[in-house]
Amino acid sequence: MHDKYNPRDIEAKHYERWRDLGCFAPAGDGTPYCIMIPPPNVTGTLHMGHAFQDTIMDALTRYHRMRGHNTLWQYGTDHAGIATQMVVERQLNAAGKTRHDLGRDAFVDAVWEWKAKSGGAISKQLAALGGSVDWDTERFTMDDALSAAVTKVFVDLYREGLIYRGKRLVNWDPVLRTALSDLEVLSEDENGHLWRFAYPLTDGSGELIVATTRPETMLGDTAVAVHPDDERYRHLIGKTVRLPLAERAIPIIADDYVDPEFGTGCVKITPAHDFNDYEMGQRHALPMINILAPDATLNDAVPAAYRNLDRYDARKQVVADLDAAGLLRGIDEHRMTVPRGDRSQAVVEPYLTDQWYVRIEPLAKPAIAAVENGDIRFVPKNWSKTYFDWMHNIQDWCISRQLWWGHRIPAWYDADGNHYVGHDETETRAFNGLKDDVELTRDNDVLDTWFSSGLWPFSTLGWPSETERLATFYPTNVLVTGFDIIFFWVARMIMLGLKFTGEVPFREVYIHGLIRDQDGQKMSKSKGNVLDPLDLIRGIDLDSLLEKRLTGLMQPHLAPKIEAATRKQFPDGIPAYGCDALRFTFAQLATTGRDIRFELGRIEGNRNFCNKLWNAARYVHMATTEPVAADPEPGIAERWILSRLNRTIGDVHRHFGQYRLDLAAQALYDFVWHAYCDWYLELAKATLTSEAMSDGARAAAQATLTSVLDAALRLLHPLMPFVTEEIWLSFGDRSTADETVMRAEFPIEDPTKIDPAAEADMDWLTGFTLGVRQIRGEMNISPGKFVPVLLDDAAAGDRERVARLGPLLTRIARLERVEFHDDGELPMAATALLGEMKIRVPLAGLIDLAAERARLTKQLTKTASDLGKVRGKLDNPNFVANAPSDVVERERARLATLEQASADLDAQIRRLD
RNA sequence: GGGCGAUUAGCUCAGGGGUAGAGCGCCACGUUGACAUCGUGGAGGUCGGUGGUUCGAAACCACCAUCGCCCACCA
């Protein structure tokens with residue numbers, strides 16, 4: 001082994017080998033364990049959020065695989081309808097073309113080509129992350145089999161009356177020219193205006209003043225509404241006003257929806273372009289006048305002067321014309337929520353079109369029940385509240401999209417516009433009794449991407465065929481995802497899973513936080529704060545990093561700022577931290593229900609942790625090259641480290657079971673660094689090199705060094721697959737081709753190895769050592785120098801331990817000799833307390849009296865403070881009467897200890913005078 | 001307008017009714033036969049505020065403040 005841990009040297013080779021060995025495929029007859037990957041967009045790349053999520057899934061997968069479970073991490077990608085279509089359209093636009101120039105078939109071919117070209121990027125990234133997905137069963141949402149599942153679900157739902165076609169107001173994206181579901185619309189507060197216009201009464205008796213944020217829609221008004229109890233307007237209800245510009249008469253109606261306090265108390269009603277007005281229009285049977293074309297220009301339903309104007313140009317024109325007509329009565333600044341499409345960022349229009357909908361309530365009910373009754377458990381559980389809130393208010397789901405890339409809706413129309421649904425045209429004709437001479441044309445629309453992702457947990461396993469994979473792995477165990485797609489995806493999988501398989505798609509939903517930058521900002525290209533997981537793994541020089549961050553900016557004027565910030569944070573680029581350090585960092589940060597600030601200090605510390613493990617292994621190699629042939633006689637150190645190991649094993653299992661990878665990582669870090677390396681390795685050195693030790697003790701130390709390291713490697717493997725494999729293979733006779741730590745058994749806690757006696761001995765030994773070290777540190781005694789100690793007030797137990805643990809103690813504490821002081825004059829010495837015993841390091845002539853006094857005084861101050869608190873408690877009769885007796889006993893014992901320590905410290909300080 | 005979460009060391013975060021923790025950073029010392037990507041010692045916090053419950057609150061409850069997120073039809 002090289003003397004430095006270098007992740008670049010070791011990571012690539014193991015992944016290929018694992019793949020060749022078939023380690024990623026399900027195997028064995030153990031309990032099935034299955035995780036479905038949330039399918040990334042097929043033409044995308046993995047960002048930090050993916051890397052984080054994949055680390056969690058891979059750790060869980062490797063953990064269960066090592067426990068002997070028949071484990072499948074199902075991989076695949078999503079066709080990502082709008083997102084992918086937009087990417088390819090942008091490429092066409094850059095070449096001066098549009099998708100309409102190509103036509104539908106050629107465009108879809110172009111998307112497939114793009115998929116073929118770029119679709120492998122994610123696989124490579126996932127491999128670099130060590131993701132142990134089953135590559136052999138990779139799926140894509142537009143695979144033939146998955147598409148067939150989509151069609152079947154659509155047809156079945158339709159024939160059951162759960163899918164219908166209807167003309168309704170939908171969210172219309174005028175840039176993408178497609179309908180969107182409610183979820184794809186994001187509302188943001190923006191500055192706007194509130195205009196007031198006068199609508200004259202047709203009988204000439206006056207006017208009504210309406211307030212609106214969207215003047216252009218007045219051309220589609222079909223009523224003015226007031227509150228039925230509004231004294232100002234009650235007498236006008238039923239009369240009509242003349243709609244200016246359009247020059248139509250429209251009624252004044254009364255509706256509770258109107259808030260008399262807002263604006264003027266008069267609302268113009270445009271049923272075809274506002275969701276509230278739409279409902280009011282239905283209540284009052286108002287006409288609906290659609291005034292927009294699909295691109296949000298005004299159509300022929302408006303007077304000629306406004307036709308073909310963009311909605312915002314029309315707005316200006318309407319305001320100007322009303323002003324010219326003397327009907328503009330005021331403009332106020334107004335803060336309002338503006339709906340925008342989540343992909344295009346275009347302002348979305350409520351728009352009257354024919355679309356396909358899923359009748360959702362019959363599906364939602366069992367999906368709510370499944371979480372209520374515990375068939376599905378959210379982790380952390382408070383997310384179930386978010387789920388319930390949405391599910392209880394859920395609206396019918398608009399599933400048709402006016403796109404070309406996606407699953408085409410299996411519906412056909414005859415010449416009269418009647419629609420027929422079926423698996424294909426032939427089946428549709430047969431099912432509906434349509435003769436061959438009836439001409440059918442297929443629906444042009446495709447399905448919402450989430451319709452097919454909603455089937456992912458079972459369509460990937462072969463459904464609707466009753467495959468063995470489906471029987472084995474469905475329902476899956478856990479879904480690992482972010483809260484941002486609980487509605488988009490999690491809820492739909494639950495609804496569709498229950499509907500079509502009769503079972504929940506997964507038992508648990510583990511919701512993790514969002515990865516943000518070190519300042520808590522969302523990572524985004526425009527902020528210039530994006531970190532690429534691969535750059536953290538392999539490193540990147542400053543110039544390359546700058547190039548990545550600065551090219552292709554949507555807002556080039558931000559470039560100087562981004563460049564300055566990047567140069568400041570990464571003056572030398574980013575070093576290669578390695579995959580294992582990155583993964584361990586993700587694990588450490590994987591606390592539940594909280595966003596994560598990604599900190600480079602952490603990953604550097606964890607790279608150092610890998611190095612620590614690496615060097616510990618190097619020592620173990622060195623220390624075991626010449627095996628001592630003797631029956632092992634484990635000493636205190638051996639019993640102690642095994643005790644600590646088995647406690648750690650128990651902790652790790654518990655933490656994995658509760659998805660607390662942060663605690664698992666912490667427990668392992670602490671064990672490896674602060675137990676195994678800091679103490680056991682040093683004690684083992686003492687055992688192996690001390691003349692006083694038997695061959696049996698040496699043999700036990702060698703065996704324990706190896707076995708504990710071996711266990712630690714297996715425990716760490718799910719979090720740090722590469723370095724653990726590299727080290728693991730370097731031990732023993734693991735030259736055979738199919739050895740891998742991936743298939744080694746995950747350690748199981750052995751309660752018989754928990755050894756309180758050894759732990760107590762080690763507490764004494766470490767306490768002794770720390771006392772001596774503190775004196776060294778404070779007295780500036782070289783760490784390497786062996787010092788004599790004089791023990792005062794040693795109890796029988798102390799004497800026994802000195803005798804028994806002496807060889808370890810003198811080495812670990814670097815003691816020249818240990819003597820007991822029974823009576824007579826004490827030399828000048830620095831003192832540490834261990835229980836009642838005083839450990840004195842004689843410092844004849846060398847002692848810095850002031851320093852020693854300061855040191856002891858500090859301890860005394862602390863002791864006195866603690867003593868005060870303990871006395872306060874015990875002097876409180878209520879405490880003694882009400883607190884549990886073991887607590888009272890503990891406090892009494894502590895009181896005694898502190899009093900003793902206080903007296904001893906006081907005496908020591910006085911001795912210095 | 002509803003709902004959720006956060007507030008603990010300089011920074012990033014664990015913890016949890018009875019001695020306040022980690023990593024990084026900081027200070028001092030140090031080439032102890034794995035590791036300077038290291039070792040040893042040290043400094044640093046009345047756990048956001050107020051009130052309540054309790055023998056005991058940093059932890060539980062209520063309210064408040066600040067920050068963040070989600071949902072919602074006020075023109």
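One table, with the values for the structure above:
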read-out: All lysines inside 27 Å of A:Lys268 as judged from Cα atoms, apart from same-chain residues fewer than 8 positions distant; value: A:Lys167, A:Lys239, A:Lys316
read-out: Descending semi-axes in Å of segment A:404-498, equivalent ellipsoid built from Cα gyration tensor; value: 33, 17, 9
read-out: Calculated SAXS-style log₁₀ I(q)/I(0) at q = 0.11 Å⁻¹ - segment A:521-601, Debye, Cα scatterers; value: -0.32
read-out: Solvent-accessible heavy-atom area per residue, rounded to whole Å², over chain A at 1.4 Å; value: 44 Å²
read-out: DSSP-defined antiparallel bridges as percent of all bridges, segment A:696-852, nearest 5; value: 60 percent
read-out: For A:Thr624, solvent-accessible area (1.4 Å; no DNA, RNA or ligand), Å²; value: 30 Å²
read-out: Kirkwood-type radius of segment A:809-913, with distances r between different C-alpha atoms, in Å; value: 15.8 Å
read-out: Local net charge near A:Ala697, Cβ-Cβ under 10 Å (Lys/Arg +1, Asp/Glu -1); value: -2
read-out: With every protein chain in place, segment A:745-902: carbon and sulfur % of accessible area (1.4 Å); value: 54 percent
read-out: Most positive-pole-ward Cα, A:Ser453, A:Phe431, A:Thr386, against dipole of segment A:356-490 from beta carbon charges; value: A:Thr386
read-out: Computed FRET value (nearest 0.05) for A:Gln569 with A:Asp595, which takes r as the C-beta separation and R₀ as 25 Å; value: 0.80
read-out: Spin-label pair A:Ser690/A:Met622, simplified geometry with 7 Å Cα→Cβ offset, distance in nm; value: 2.0 nm
read-out: Candidate lysines - alpha carbon under 20 Å from A:Lys873, same-chain residues fewer than 8 apart omitted; value: A:Lys862
read-out: Of A:Phe487, A:Pro556, A:Phe473, farthest towards positive along the dipole that unit charges on Lys, Arg, Asp, Glu beta carbons give segment A:435-578; value: A:Pro556
read-out: Radius 12 Å from Cβ of A:Gln658, net charge of other residues (Lys, Arg +1; Asp, Glu -1); value: +1
read-out: Fraction of alpha-carbon pairs over 18 Å apart in segment A:167-264 - percent; value: 57 percent
read-out: Cβ charges +1 (Lys, Arg) and -1 (Asp, Glu), total dipole of chain A, debye; value: 1360 debye
read-out: Solution diffusion estimate, µm²/s, Stokes-Einstein, segment A:691-746, Kirkwood Rh from C-alpha pairs, 20 °C, viscosity 1.002 mPa s; value: 173 µm²/s
read-out: Low-density loop positions, trypsin sites (Lys or Arg not before Pro), segment A:1-92 - DSSP coil, at most 15 other Cβ in 10 Å; value: A:Lys4
read-out: Accessible-area order (highest first, 1.4 angstrom probe) of the listed residues A:His557, A:His655; value: A:His557, A:His655
read-out: Student exercise, segment A:277-384 dipole from Lys, Arg, Asp, Glu Cβ charges, in Debye to nearest 20; value: 340 debye
read-out: Entries of A:Lys13/A:Lys612; A:Lys115/A:Lys522; A:Lys385/A:Lys499; A:Lys525/A:Lys548 with Cα pairs more than 18 Å apart; value: A:Lys13/A:Lys612; A:Lys115/A:Lys522; A:Lys385/A:Lys499
read-out: Ellipsoid equivalent to chain A - semi-axes via the Cα gyration tensor, in Å; value: 70, 36, 26
read-out: Carbon/sulfur fraction of accessible area - segment A:1-60, other protein chains in place, 1.4 Å, %; value: 49 percent
read-out: Mean separation of Cα contacts under 8 Å (6+ apart) over length of segment A:422-572, as relative contact order %; value: 16 percent
read-out: Eligible lysines near A:Lys869 by straight Cα distance, threshold 18 Å, same-chain separation 8 or greater; value: A:Lys858
read-out: Normalised alpha carbon radius of gyration of segment A:291-420 [divisor 2.2 N^0.38 Å]; value: 1.59
read-out: Label point at A:His821 placed 7 Å out along Cα→Cβ; residues across segment A:750-773 whose backbone nitrogen lies under 18 Å; value: A:768-769, A:771-773
read-out: Residue among A:Leu157, A:Gln345, A:Thr240 farthest towards the positive dipole end of chain A, charges placed on Cβ; value: A:Gln345
read-out: With all protein chains modelled, accessible area of A:Asp323 [1.4 Å, Å²]; value: 80 Å²
read-out: Accessible area of A:Lys385 in the full protein assembly, 1.4 Å probe (Å², nearest 10); value: 130 Å²
read-out: Net lengthening on full extension, A:Glu682/A:Ser902 (0.36 nm per residue, minus Cα-Cα); value: 75.9 nm
read-out: MRE, 222 nm, helices only [DSSP H, n ≥ 4, -39500 (n - 2.57), over chain A, to nearest 500]; value: -14000 deg cm²/dmol
read-out: nm² value of the averaged projected area, convex hull over the Cα atoms of segment A:225-348; value: 8.8 nm²
read-out: For chain A: relative contact order, % (alpha-carbon pairs under 8 angstrom, 6 or more apart); value: 12 percent
read-out: DSSP-defined beta bridges in chain A - what % are antiparallel, rounded to 5; value: 70 percent
read-out: About the Cα centre, charge dipole magnitude for segment A:718-811 (Lys/Arg +1, Asp/Glu -1 at Cβ), debye; value: 580 debye
read-out: Length-normalised contact order of segment A:14-141 in % [C-alpha pairs under 8 Å, at least 6 apart]; value: 41 percent
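The values are calculated or read from the model by the stated rules, or taken from the named source; none is laboratory data. Predicted model only: the values in this text are computed from it and were never measured. All Cβ positions, even for glycine, are placed from backbone atoms using ideal geometry, and neighbour counts span all protein chains on display. We work out accessible area using only protein heavy atoms, side chains counted, and drop any ligands, DNA or RNA first. Shrake-Rupley method; radii C 1.70, N 1.55, O 1.52, S 1.80 Å.
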